[in-house]
Amino acid sequence: MKYSKEEVKQYVREDDVKFIRLAFCDVFGNQKNISIMPEELDRAFEYGIAFDASSVEGYGDETYSDLFLMPDSETLMALPWRPEHGKVVRMFSGVSYPSGKPFECDTRYLLKQAIRAADDAGVSFYFGAEQEFYLFELDQNGKPTKTPYDEAGYMDMAPDDKSENIRREICLTLEQMGIRPESSHHEGGPGQNEIDFRYSDPLTAADNVMTFQTIVKTIARRNGLCADFSPKPLENMPGNGFHINMSIQSQDGTDNLPHIIAGVLAKASDMTLFLNPTEESYHRFGHNRAPRYVSWSSENRSQLVRIPAARGEYRRAELRSPDPTANPYLAFALLIYAGLYGIENKLDMPPVINKNLFKADTELTSKLQKLPFSLDEARSIAIKSQFIAEHIPAAVLDIYCNK
């Protein structure tokens with residue numbers, strides 16, 4: 001349900017809300033928030049709530065450090081793990097200068113710009129997220145270890161799968177917050193899990209990814225565990241992927257999905273810095289069903305893009321290279337722009353590769369473009385990319401390249 005400002009005020013008055021969290025993220029997608037009391041809600045909606053931006057990574061130094069959080073009333077959610085009496089609610093917030101001008105490093109605003117560009121082109125994008133995570137035990141001081149919660153494997157059941165009840169609690173909490181999970185299961189690594197949720201519009205989908213990670217980490221800690229979303233938590237074990245399912249609707253009824261896939265493949269290397277922003281991200285590529293080459297196929301999980309078996313509204317393309325350290329607002333924005341590039345230039349998809357690229361010989365793989373081999377290579381490609389220069393503010397690119 002999307003709320004108006006007046007409906008938010010009424011909800012806060014009538015439902016015993018005591019704290020309102022204004023949530024946002026830094027340029028890398030790390031979540032931040034400020035809590036305000038209900039008495040400050042009118043001021044927040046009208047003027048915003050000031051904060052020290054110099055203390056947020058990528059938001060500048062002490063020279064001009066005052067920025068404002070502008071709450072988005074449509075994103076109101078109660079946090080069900082907080083007290084029933086004296087409720088805590090959360091709204092995502094835009095970031096602006098004191099003048100009211102949007103802050104160029106506000107990645108949620110950058111995604112809104114991409115959505116407007118798609119609207120102008122007569123198309124609507126939809127995204128579904130699949131994020132994997134490990135559950136590790138805590139030590140006697142409550143610090144995370146690298147000891148997996150269980151030794152189960154792909155889609156194993158209890159009692160081998162000890163994470164079943166935790167995934168159930170996560171899914172029920174997602175439902176309470178208006179997010180619809182589609183499936184959940186144990187993944188291939190020990191203590192590794194996956195929960196998928198239904199596709200939605202790009203902004204809602206990105207907000208849901210942020211909410212999802214918060215819920216998983218919160219519920220894991222309540223159960224005496226640590227949830228780890230890093231790309232390669234355990235050496236020689238499967239990494240954590242952030243598989244992104246993309247679909248599209250065109251106002252004129254044209255099937256533009258092939259052009260979108262072609263555009264994403266054409267700009268895959270340019271975008272990799274933002275889809276895989278850590279050095280550890282590149283330890284995952286080429287192993288345990290994580291792609292290495294710029295290629296596509298139907299159903300084949302060794303490819304960068306696969307087209308899952310589906311019909312009608314469920315027809316989509318799945319991008320398999322991103323990992324959960326990606327900022328979803330930047331990831332979805334760049335995928336929209338890459339898709340629009342494919343549509344505008346009427347790009348054709350390259351030849352299909354119906355081979356298992358993890359076992360293919362060098363005669364085949366030597367002809368395929370590789371994804372960047374390291375973070376430094378990804379940075380070098382992004383710096384030289386006209387596509388990135390057009391769609392990522394120079395300040396954001398500089399932060400990603402000089403962290």
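Sort ASP15, ASP26, ASP270 from largest to smallest accessible area, using a 1.4 Å probe on the heavy atoms of the protein chains.
On the way: ASP15 50, ASP26 5, ASP270 30 Å².
The residues order as ASP15, ASP270, ASP26, largest area first.
How would segment 242-311 be classified by its alpha-carbon gyration tensor: rounded, prolate or oblate, with rounded meaning a/c under 1.5 and the a/b versus b/c comparison settling the rest? Don't skip to the end; give the middle numbers.
On the way: a/c = 2.49, a/b = 1.68, b/c = 1.49.
Judged from the Cα gyration tensor, segment 242-311 comes out prolate (a/c at least 1.5, a/b above b/c).
Which value, in nm² and rounded to one decimal, describes the direction-averaged projected area of the C-alpha convex hull of segment 290-403? Mind dumping the intermediate values first?
Values: hull surface 34.1 nm².
Mean projected area for segment 290-403: 8.5 nm², to one decimal.
Once you charge only the Cβ atoms, +1 for Lys and Arg and -1 for Asp and Glu, what is the size of the charge dipole of the chain about its Cα centre, to the nearest 20 debye? Write down the numbers at each step before the final one.
On the way: 44 positive and 59 negative charges, 120 e Å.
The calculation lands at about 580 debye.
Which shape class applies to segment 160-288: rounded if a/c is under 1.5, otherwise prolate when a/b exceeds b/c and oblate if not, where a ≥ b ≥ c are the square roots of the Cα gyration tensor eigenvalues? Kindly include the intermediate steps, with their values, before the conclusion.
Numbers: a/c = 2.27, a/b = 1.32, b/c = 1.72.
Note, shape of segment 160-288 comes out oblate.
Indicate, rounded to the nearest 5 percent, the antiparallel portion of the DSSP beta bridges found entirely in segment 1-123.
Values: 17 of 23 bridges.
Roughly 75 percent of the beta bridges in segment 1-123 run antiparallel, per DSSP.
Share of the chain's accessible area from carbon and sulfur, percent, 1.4 Å? Write out the running numbers ahead of the final one.
Numbers: 8580 of 18470 Å².
The value for the chain is 46 percent carbon and sulfur by accessible area.
Mean separation of Cα pairs under 8 Å and 6+ residues apart, divided by the residue count of the chain: what relative contact order is that in percent? Numbers along the way, then the final one.
Values: 800 pairs, mean separation 61.9, N = 403.
Relative contact order, the chain: 15 percent.
Given a cut-off of under 8 Å on Cα pairs at least six residues apart, what relative contact order in percent is computed for segment 35-150?
Working: 120 pairs, mean separation 16.1, N = 116.
Relative contact order, segment 35-150: 14 percent.
Using the heavy atoms of the protein chains alone and a 1.4 angstrom probe, what is the accessible area of segment 25-106 per residue in square angstrom? Intermediate values should be presented prior to the final figure.
Values: 4030 Å² over 82 residues.
Accessible area per residue: 49 Å².
So what is the accessible area of segment 186-263 per residue, in Å², with the probe set to 1.4 Å? Provide the component values of the computation, followed by the final result.
On the way: 2430 Å² over 78 residues.
Result: 31 Å² of accessible area for each residue.
Just to make sure I understand: if all protein chains stay in place, what is the order of HIS287, HIS186, HIS259 by accessible area at 1.4 Å, largest first? Before the final figure, lay out the partial values.
Numbers: HIS287 95, HIS186 0, HIS259 40 Å².
Largest to smallest exposure gives the sequence HIS287, HIS259, HIS186.
Given the chain, what percent of its DSSP beta bridges are antiparallel, to the nearest 5? Don't jump to the answer; show the numbers that get you there.
Numbers: 50 of 59 bridges.
Within the chain, antiparallel bridges account for around 85 percent of the total.
Give the long-range amide H neighbours of GLY94: residues separated by 5 or more places, or on another chain, with amide H under 5 Å away, using H modelled in the peptide plane at 1.01 Å from N.
MET70, ASP72
Based on a Kirkwood Rh over C-alpha pairs, give the Stokes-Einstein translational diffusion coefficient of segment 83-165 at 20 °C and viscosity 1.002 mPa s in µm²/s.
On the way: Rh = 18.3 Å.
D, rounded to a whole number, is 117 µm²/s.
Determine the distance separating the Cα centre of segment 259-277 from the Cα centre of segment 129-168; give it in Å without decimals.
31
Leaving out ligands, DNA and RNA but keeping every protein chain, what accessible area does LYS146 have, in Å² rounded to the nearest 10, with a 1.4 Å probe?
110
P(r) of the chain in 20 Å steps, Cα pairs, percent per bin?
Per 20 Å bin, starting at zero, the Cα-Cα P(r) for the chain comes out as 26, 59, 15, 0 percent.
Go ahead and estimate [θ] at 222 nm for the chain from helices alone: -39,500 (n - 2.57) per DSSP H run with n ≥ 4, summed, over the residue count, rounded to 500. Don't skip to the answer; put the middle values down first.
Working: 13 runs with 131 residues, N = 403.
Result for the chain, helices only: -9500 deg cm²/dmol.
Per the Debye formula with a single identical scatterer at each Cα and no solvent contribution, what log10 I(q)/I(0) holds for segment 1-58 at q = 0.13, 0.25 Å⁻¹?
Rounded to two decimals, the profile gives -0.41, -1.08.
Please state the shape class of segment 21-140: rounded when a/c is under 1.5, otherwise prolate if a/b exceeds b/c and oblate if not, all from the C-alpha gyration tensor.
On the way: a/c = 1.34, a/b = 1.08, b/c = 1.24.
It comes out rounded by the Cα gyration axes.
What does the charge dipole of segment 82-194 about its Cα centre add up to, to the nearest 20 debye, if the Cβ of each Lys and Arg holds +1 and the Cβ of each Asp and Glu holds -1?
Working: 13 positive and 20 negative charges, 175 e Å.
With only Lys, Arg, Asp and Glu charged at Cβ, the dipole is about 840 debye.
Could you derive backbone 3J(HN,Hα) for segment 29-39 from the dihedral phi with the Karplus parameters 6.51, -1.76 and 1.60 (θ = phi - 60°), listing whole Hz in sequence and x where the residue is Gly or Pro?
x, 6, 7, 9, 6, 10, 9, 10, 8, x, 5
Which of the pairs LYS217/LYS359; LYS143/LYS232; LYS32/LYS232; LYS18/LYS146 have their Cα atoms more than 30 Å apart in this structure? Before the final figure, lay out each step's value.
On the way: LYS217/LYS359 36 Å; LYS143/LYS232 19 Å; LYS32/LYS232 24 Å; LYS18/LYS146 38 Å.
In this structure, LYS217/LYS359; LYS18/LYS146 lie more than 30 Å apart at Cα.
Taking all protein chains together and a probe of 1.4 Å, list GLU39, GLU7 from the most accessible to the least accessible.
Values: GLU39 140, GLU7 75 Å².
Result, largest first: GLU39, GLU7.
For a quick check of understanding: with a 1.4 angstrom probe and all protein chains in place, what accessible area in square angstrom does ARG222 have, to the nearest ten?
150
The values are calculated or read from the model by the stated rules, or taken from the named source; none is laboratory data. No experiment lies behind these values; they were computed from the predicted model shown. Quick reminder, even Gly has a Cβ in these numbers, built from the backbone with ideal geometry, and neighbours come from all protein chains shown. Quick note on the areas: whole protein, heavy atoms, side chains included, nothing else; ligands and nucleic acids left out. Shrake-Rupley method; radii C 1.70, N 1.55, O 1.52, S 1.80 Å.
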